[in-house]
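Written below as structure tokens is the structure these notes are about.
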Amino acid sequence: MEIRKIIGIAFIAGSLITIGIFITQTEFSIQLQDWISFNYYMQFAPFVICIMLFYCGLYLIRKNPKSNFALAIFGYTIFELVALDWIGIVPNNLGTITTILFGCCAIIALWIAHTNLLNLKRLSWPEVLISIFIGALESLLLFYLNSIG
């Protein structure tokens, strides 16, 4: 089996495991007053990251030319989320173990994306800048929701 498929399966397995963990910790509500609360939406933020990791794994298995771009978006999103938590701007509600798991996946993702290790479509400078921008947008959107909520 190719290393590309092994990494893809590992990313999918990691995302499914973390989705299972997060779904048990999520409190779903049908009351309208809970829907306008920042904390209610913050509990769904880890799902977005898990879905991003899932798609990265799926792209790697299928050898999609957009794999490096998806990996770069995932990697930069994780690092920007952790950096904004360390600065104190956006709280990180992933948990320590999950942050470490996603951090390791982000390191691998960025390494694959920037070195073009798996001989997929190379990242261009505009794609790198767009992936940094999308990661910052995803992270800072939570800050914006917190400030208005």
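In the set (1) under 18 Å from Leu141 (Cβ atoms); (2) surrounded by 14 or more Cβ atoms within 10 Å (Cβ to Cβ); (3) at pLDDT 90 or above, the condition left unmet by Asp85 is number (3).
The criterion of being touching a Pro at 6+ places or on another chain (Cβ under 7 Å), in contact (Cβ under 8 Å) with a residue 12 or more places away in the chain and on the phi < 0 side of the Ramachandran plot holds for Leu94.
Looking only at residues in the range 88-98 that are surrounded by 15 or more Cβ atoms within 10 Å (Cβ to Cβ) and hydrophobic (A, V, I, L, M, F, W, C), the one that is farthest from the chain's Cα centre (by Cα) is Val90.
Here the condition is being at pLDDT 95 or above, in contact with a helix residue (DSSP H, G or I) (Cβ under 8 Å, 6 or more places away or on another chain), assigned to a helix (DSSP H, G or I) and open to solvent by 80 Å² or more (accessible area, probe 1.4 Å); of Tyr41, Tyr55, it holds for Tyr55 alone.
Looking for something at pLDDT 95 or above, within 25 Å of Arg122 (Cα to Cα) and surrounded by fewer than 17 Cβ atoms within 10 Å (Cβ to Cβ) - is there at least one such residue anywhere in the range 8-17? Scanning the range 8-17 turns up at least one residue that is at pLDDT 95 or above, within 25 Å of Arg122 (Cα to Cα) and surrounded by fewer than 17 Cβ atoms within 10 Å (Cβ to Cβ). For the range 119-149, taking the residues that are modelled with pLDDT of 85 or more and among the charged types (D, E, K, R), the one that is surrounded by the most Cβ atoms within 10 Å (Cβ to Cβ) is identified as Glu127.
The values are calculated or read from the model by the stated rules, or taken from the named source; none is laboratory data. If you're wondering where the values come from, they're calculated on a predicted model, not measured in any experiment. Heads up, the Cβs are rebuilt from the backbone with ideal geometry, glycines too, and the neighbour counts pull from every protein chain shown. The accessibility values were calculated without ligands, DNA or RNA, using every heavy atom of the protein model including side chains. Shrake-Rupley method; radii C 1.70, N 1.55, O 1.52, S 1.80 Å.
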